[in-house]
1. Which residue out of L108, L136, L125 is among the hydrophobic types (A, V, I, L, M, F, W, C) and within 20 Å of K173 (Cα to Cα)?
2. Among the listed residues N87, N112, N91, which satisfies the condition of being out of contact with any Ser or Thr (no Cβ under 7 Å at 6 or more places or on another chain) and at negative phi?
3. For segment 63-76, enumerate the residues that are farther than 20 Å from L119 by Cα and either in contact with a Gly (Cβ under 6 Å, 6 or more places away or on another chain) or buried (at least 17 other Cβ atoms within 10 Å of the Cβ) (or both).
4. Residue by residue through segment 174-189, note down the ones that are part of a helix (DSSP H, G or I) and either under 17 Å from the mean Cα position of the chain (by Cα) or hydrophobic (A, V, I, L, M, F, W, C) (or both).
5. Being modelled with pLDDT of 95 or more, surrounded by 13 or more Cβ atoms within 10 Å (Cβ to Cβ) and in a helix (DSSP H, G or I) narrows it down to one of A58, A45, so name that one.
6. Just to be sure before I move on: is I204 under 26 Å from W82 (Cβ atoms), modelled with pLDDT of 95 or more and part of a helix (DSSP H, G or I) in the structure I sent?
7. If the Cβ limit is 9 Å and pairs must be 6+ apart or interchain, which residue in segment 146-164 that is touching a residue at least 60 places away in the same chain (Cβ under 8 Å) and surrounded by fewer than 24 Cβ atoms within 10 Å (Cβ to Cβ) pairs with which residue that is of a type in the set (V, I, T) and in a loop (DSSP other than H, G, I, E, B)?
8. Only one of (1) surrounded by fewer than 20 Cβ atoms within 10 Å (Cβ to Cβ); (2) within 18 Å of K156 (Cβ to Cβ) is not met by P102, so which one is it?
Amino acid sequence: MPLRGFTLAEVLITLGIIGVVAALTIPTLMQSYQNKQYVSGFQKAWGILTNAFELSEAHNGFANTWDEPTGPYDETYLQKYWLPYFNIIKNCGTASNLGCMPKKTTYLYGTNGNHDDSLAQYKILLSDGMGVNFYLTHHVDDDIVQHIVVDANGSKGPNIYGRDIWWFVFDQKDRKIYPFGIDKTDEQINSNCSKDGPGQYCGIYLVKNGYKMDY
């Protein structure tokens, strides 16, 4: 019986087809995997903040009975109500460029963000590499609302809002931690969390969108 096999041309054509399919599918698969990592980072960050808050309430009573911060970076307030309930490896306080937050942050539409490590805002670094930035006082209708910005993977990239940087709001009166933008309309959220938006509302976008990162 004569030997049969593929010709060189047939092998090259087959390899070429495999290469084209791989070039088309691998980037999509990698992006899908990366997006799942980002979403997981958001969920982890929210969980860590919520856990710290619940531990604090167990020791200090309901948050609506807590003292009011005397300023945006009240260390006495933080030392009593927040800091003991995190696993902190570095407390940068309001000092700049000590490695608690990335040196540069970026909005989704590409311009510089506003929670990098050079700012005089109160910053801590957790044992898992997560950076946390506190801005304590923001009064809304006589309520005490505190902003907490988290970089889920610390100084590692991409340091972009809606990717690994997430903005939360702590409502001391309501005793809840929410993703920033929960009080916004769907239209405002969708506009903010898009390639043409800054991305501060992407956390609440994920919650409303079944944790699908399609922006």
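The values are calculated or read from the model by the stated rules, or taken from the named source; none is laboratory data. Values in this document were obtained by computation on a predicted structure and should not be read as measured data. Cβ placement follows ideal geometry from the backbone for every residue including glycine, while neighbour counts extend to all protein chains displayed.
1. Numbers: L108 fails: within 20 Å of K173 (Cα to Cα); L125 fails: within 20 Å of K173 (Cα to Cα).
From the options L108, L136, L125, the qualifying one is L136.
2. Details: N87 fails: out of contact with any Ser or Thr (no Cβ under 7 Å at 6 or more places or on another chain); N112 fails: out of contact with any Ser or Thr (no Cβ under 7 Å at 6 or more places or on another chain).
So the residue among N87, N112, N91 that is out of contact with any Ser or Thr (no Cβ under 7 Å at 6 or more places or on another chain) and at negative phi is N91.
3. The first filter runs over segment 63-76 and keeps only residues farther than 20 Å from L119 by Cα, leaving 63-68.
A63, W66 - these are the residues of segment 63-76 that are farther than 20 Å from L119 by Cα and either in contact with a Gly (Cβ under 6 Å, 6 or more places away or on another chain) or buried (at least 17 other Cβ atoms within 10 Å of the Cβ) (or both).
4. Taking segment 174-189 first, the residues part of a helix (DSSP H, G or I) are 186-189.
Scanning segment 174-189 gives a single hit, I189.
5. Checking each option against the conditions leaves just A45.
6. Numbers: under 26 Å from W82 (Cβ atoms): yes; modelled with pLDDT of 95 or more: yes; part of a helix (DSSP H, G or I): yes.
Here the answer is yes, as I204 does meet what is asked.
7. Filtered contacts from segment 146-164: Q146/T137.
8. The failed condition is (1).
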